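Shown next, in structure tokens, is the structure this report addresses.
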Amino acid sequence: MLLGIVLASSFIILSLVFIFLIKGRSHEIGIWLSFGYTKKNIISQMIWESLLVSFVALLLSTVAIPPVISGVQSYFNSQMVVNVNDVEDLPFGEQLSPSVDMDEQITLSVSMSTIIEATIIIIVLVVISNTIAMIPILRLKPREIFARLS
């Protein structure tokens, strides 16, 4: 459920960003159309540009994963120690459940399959949202695009 909400909101936000960027490049698209570029070529050019930026972001985030995970893991483990030390203050003389292991540490990791799944999801989101954002501009002829700019 949460993943669906995140994907839907990501799709909406990404589409709005691409609509904004493509409207800013409508003059350039009009020139490409007047030079004889096909609409398919223009769409693929925009998608490749977006995918290039996405791959750079994916690479940077993949490099940033280990230090972020170790920081989060150490924070959770330190909080767990603090909370375990506070057990003396339990109300009404309650005791901890014997199933609680005081030496247990939280271990976080991100598998390669998770990174690959995220990459595939990002590629699909970028391609679909970029294509949808291109539809209003590509329905116009070069003359109509230049008329809108005047």
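The set of residues from segment 115-150 being in a helix (DSSP H, G or I) and over 19 Å from Leu14 (Cβ atoms) comprises Ile115, Ile116, Pro142, Arg143, Glu144, Ile145, Phe146, Ala147, Arg148, Leu149. Selection within segment 91-150: residues that are modelled with pLDDT of 85 or more and among the small types (Gly, Ala, Ser). The member of this set that is farthest from Gly24 (Cα to Cα) is Ser111.
The values are calculated or read from the model by the stated rules, or taken from the named source; none is laboratory data. Being a predicted model, the structure only gives us computed values, none of them experimental. Note that we place each Cβ from the backbone using ideal geometry, even for glycine, and neighbour counts take in every protein chain shown.
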